Amino acid sequence: MNKKFYITTPIYYPSAKPHMGHAYSSIVSDFFARLKKIQGFEVFFLTGTDEHGQKIQRAAENKKKDPLKFCDEISATFKDLSKILNLSNNDFIRTTEVRHKKSVENLWKVLEKKKEIYLSKYSGWYSVSDEAFYSEDEIEDDGDLKISKLSGSKVEWVEEESYFFKLSKWQEPLLSFYDENPDFILPKTRKNEVVSFVRAGLKDLSISRKSFTWGIKVPSNNEHVIYVWLDALTNYISALNYPDQNNDLYKKFWPADVHIIGKDILRFHAIYWPAFLLAADIKPPKRVYGHGWILSGDEKMSKSKGNILDPLEIIEKYGLDPLRYYLLKEVSFGNDGNISNEKLESCINSDLANNYGNLCQRVVSFCEKNIGLKVPTSEEFNEDDLKILKNYQNNFEDLITNIDNQNINFYLNFIVDQLFKANKYFNDQEPWKRKDDKKRLNTIVYVSLEIIRKISILLYPIIPESSLKALNIFNIKEIDIDFSTILNNNYLSPGSNINKIDILFNKIKND
Ligand code: MSP
């Protein structure tokens, strides 16, 4: 099989417990991973935690804990979250693992051998919170503090011996790479930001620190630890057993198809990462997609503002699938979005409970009462039947193209539209008035069941658990789901059993 797909989430800092922003990056990535799987791709989906650096060292010190023990505890909460979010990841990498250390050390040695690294002195601004160096024109005063204009986080002055990566040398090759790979950075607006930043001139990048110890040591000089971003980015190849470039995983899955990240970490992924890889003679990933932020009200979540949205609280109150549905449908992918209880409740009540849950329930109980729990035989489809069934054929290519361009909203809008049309079809056809025309009644039920099957397949990457409950009507199991069968209008075999279905979504009542 030649269809492979490698997708990654960012690896999360285990400096505090996970929040909705982390859940968002993960859910979006899971959506693509599941979608590709049901399209017949062999998928490798990676997530994990980014555990080195000053940020983590300080967070551990604040809690008076040994950094590794501290990471063990918080990384476990991220791993738990990946289960709670029902992620289909194949691996969960921690940058404190031996396999990763080996991989980073090797990349360093390759860069050193290729004379891409030199020793000098860094003096400039550093944000521990972003683990990023900022130039003088990227910072501003904020009372007594200096902060980054980009992220708003506090910066501090650093002066120390440091190894540098010859990033400046990669300015032109990077610009050519962006030209030759016009979809490397999506969405387009973010690409423009990156390209103009690179055009403005790249300086060599400090890639080691001497003033703290929590990190992977520079192989040839144990006084330095490797800059946490060079360490972290390498996770994407460590999980494929780099430095062994001849093993099956690496050969199959590198270069990655897409790194899903938040817009705040685009510079690292779209500039530094491909530059490191080009310098090491490794192919860069095929795409980096920078999504927007999930805002709390109208603001970015932050500990200091005390406005952190906890995914677990929302899941506890509303359930996982409604949260997944909401984030994928209501946030315009690529842009910022926010969560409000009203909008979430309206998604549950109208889209999930009324349009989807109710459709399944209604059709199955009509079937049970009128023809028994077996798939009926259909007559030739009439114009009305063909009109609704053809929507899937007519949009099939567009659905795939849009998915491949990470246009989640096209996909979701299609589903919402089909749900609406499906309910309208069942209402307009009035099968309850056709009791004396068994053939037509059977055909209406058959078409309705087919539509439930198609919509449930489309919904699988979004709300896997609920979709599987609905597909159980037809005894379709997870392993049998095949995206291309939405093209087949006669998939269901007449006479096969139909299972009853419990209520999929409870409506939220606010008195
Ligand atoms: N450890 C780095 C990533 C290294 S990847 C090689 C990091 N970690 S993070 O925990 O701070 O953030 C991880 C991801 O969560 C980032 O993509 C970030 O954009 C995303 N989010 C953090 N807050 C967010 C929101 N409020 N909304 C959406 N996503 C945001 O950065």
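Of all positions in region 409-422, none carries a residue that is at pLDDT 95 or above and not in a helix (DSSP H, G or I). Of all residues in region 227-257, those that are assigned to a helix (DSSP H, G or I), more than 20 Å from the chain's Cα centre (by Cα) and more than 11 Å from the ligand (Cβ to nearest atom) total 5. Scanning region 320-343 for residues that are in contact (Cβ under 8 Å) with a residue 12 or more places away in the chain and farther than 15 Å from Tyr24 by Cα gives a single hit, Lys343. Evaluate the following for Lys374: is it without any contact (Cβ under 8 Å) to a residue 40 or more places away in the chain and either more than 19 Å from the chain's Cα centre (by Cα) or more than 30 Å from Lys109 (Cβ to Cβ) (or both)? So Lys374 fails the test. Taken over region 192-220, the criterion of being assigned to a loop (DSSP other than H, G, I, E, B), more than 20 Å from Ala59 (Cβ to Cβ) and within 16 Å of the ligand (Cβ to nearest atom) is satisfied by Ile207 alone. In the set Lys149, Lys121, Lys154, Lys169, only one residue is within 16 Å of the ligand (Cβ to nearest atom) and among the basic types (Lys, Arg); that residue is Lys154.
Exactly one residue out of Tyr425, Tyr411, Tyr392 is in contact with a Leu (Cβ under 7 Å, 6 or more places away or on another chain), buried (at least 19 other Cβ atoms within 10 Å of the Cβ) and over 24 Å from Pro322 (Cα atoms): that is Tyr392. Would you be able to say whether some residue in region 427-434 is closer than 19 Å to Gln361 by Cβ and among the basic types (Lys, Arg)? Taking every residue of region 427-434 in turn, none turns out to be closer than 19 Å to Gln361 by Cβ and among the basic types (Lys, Arg). Taking first residues from region 1-16 that are in contact (Cβ under 8 Å) with a residue 12 or more places away in the chain and among the aromatic types (Phe, Trp, Tyr) and partners that are within 14 Å of the ligand (Cβ to nearest atom) and not in a strand (DSSP E or B), the Cβ contacts under 6 Å between residues at least 6 apart in sequence or on separate chains come to Tyr6/Ala256; Tyr12/His22; Tyr12/Phe78; Tyr13/Asp50. Among residues of region 162-188 that are touching a residue at least 40 places away in the same chain (Cβ under 8 Å) and over 13 Å from Leu278 (Cα atoms), those with a Cβ under 6 angstrom from a residue that is part of a helix (DSSP H, G or I) and among the hydrophobic types (A, V, I, L, M, F, W, C), sequence gap 6+ or separate chain, pair up as Ile185/Val194; Ile185/Ala270.
If you go through region 276-303 and pick out every residue that is closer than 27 Å to Lys154 by Cα and away from the ligand (no atom under 14 Å from the Cβ), you end up with 0. For first residues located in region 72-91 and of a type in the set (S, T, N, Q), partners that are surrounded by fewer than 21 Cβ atoms within 10 Å (Cβ to Cβ) and modelled with pLDDT under 95 and lie 6+ apart or on another chain with Cβ distances below 9 Å form the pairs Thr77/Lys17. Has region 368-376 got any residue that is among the basic types (Lys, Arg) and in contact with a helix residue (DSSP H, G or I) (Cβ under 7 Å, 6 or more places away or on another chain)? No, region 368-376 contains no residue that is among the basic types (Lys, Arg) and in contact with a helix residue (DSSP H, G or I) (Cβ under 7 Å, 6 or more places away or on another chain). Of all the numbered requirements in (1) surrounded by fewer than 13 Cβ atoms within 10 Å (Cβ to Cβ); (2) not in a helix (DSSP H, G or I), Ser129 misses one, and that requirement is (1).
For His269, are the conditions met, namely being of a type outside the set (A, V, I, L, M), buried (at least 19 other Cβ atoms within 10 Å of the Cβ), within 13 Å of the ligand (Cβ to nearest atom) and assigned to a helix (DSSP H, G or I)? Against the criterion (of a type outside the set (A, V, I, L, M), buried (at least 19 other Cβ atoms within 10 Å of the Cβ), within 13 Å of the ligand (Cβ to nearest atom) and assigned to a helix (DSSP H, G or I)), His269 qualifies.
I'd like to check something: does region 308-322 contain any residue that is out of contact with any Pro (no Cβ under 7 Å at 6 or more places or on another chain) and modelled with pLDDT under 90? Yes: one or more hits. Among the residues examined, Ile260 does not qualify as within 16 Å of the ligand (Cβ to nearest atom), aliphatic (A, V, I, L, M) and within 21 Å of Lys115 (Cα to Cα). Starting from residues that are on the phi < 0 side of the Ramachandran plot and assigned to a loop (DSSP other than H, G, I, E, B), keep the ones in region 321-345 and report whichever is farthest from the ligand (Cβ to nearest atom). Among them, the one singled out is Ser340. Scanning region 57-65 for any residue that is within 12 Å of the ligand (Cβ to nearest atom), not hydrophobic (A, V, I, L, M, F, W, C) and not in a strand (DSSP E or B) turns up nothing.
Screening Glu223 on (1) farther than 21 Å from Glu97 by Cβ; (2) in a loop (DSSP other than H, G, I, E, B); (3) of a type outside the set (Phe, Trp, Tyr) shows it passes everything except condition (2).
Taking the criterion of being surrounded by fewer than 20 Cβ atoms within 10 Å (Cβ to Cβ), in contact (Cβ under 8 Å) with a residue 24 or more places away in the chain and either of a type outside the set (Lys, Arg) or farther than 24 Å from Ile260 by Cα (or both), the residues of region 293-311 that qualify are Trp293, Leu295, Ser296, Gly297, Asp298, Met301, Ile308, Leu309, Asp310. Annotation for region 66-80: at least one member residue is over 24 Å from the mean Cα position of the chain (by Cα) and of a type in the set (Lys, Arg).
Summed over region 1-25, the residues that are within 9 Å of the ligand (Cβ to nearest atom) and either in contact with a Gly (Cβ under 6 Å, 6 or more places away or on another chain) or not in a loop (DSSP other than H, G, I, E, B) (or both) give a count of 11.
The values are calculated or read from the model by the stated rules, or taken from the named source; none is laboratory data. Quantities reported herein were computed from a predicted structural model and do not represent experimental measurements. Cβ atoms come from the backbone with ideal geometry, glycine included; neighbour counts cover every protein chain shown.
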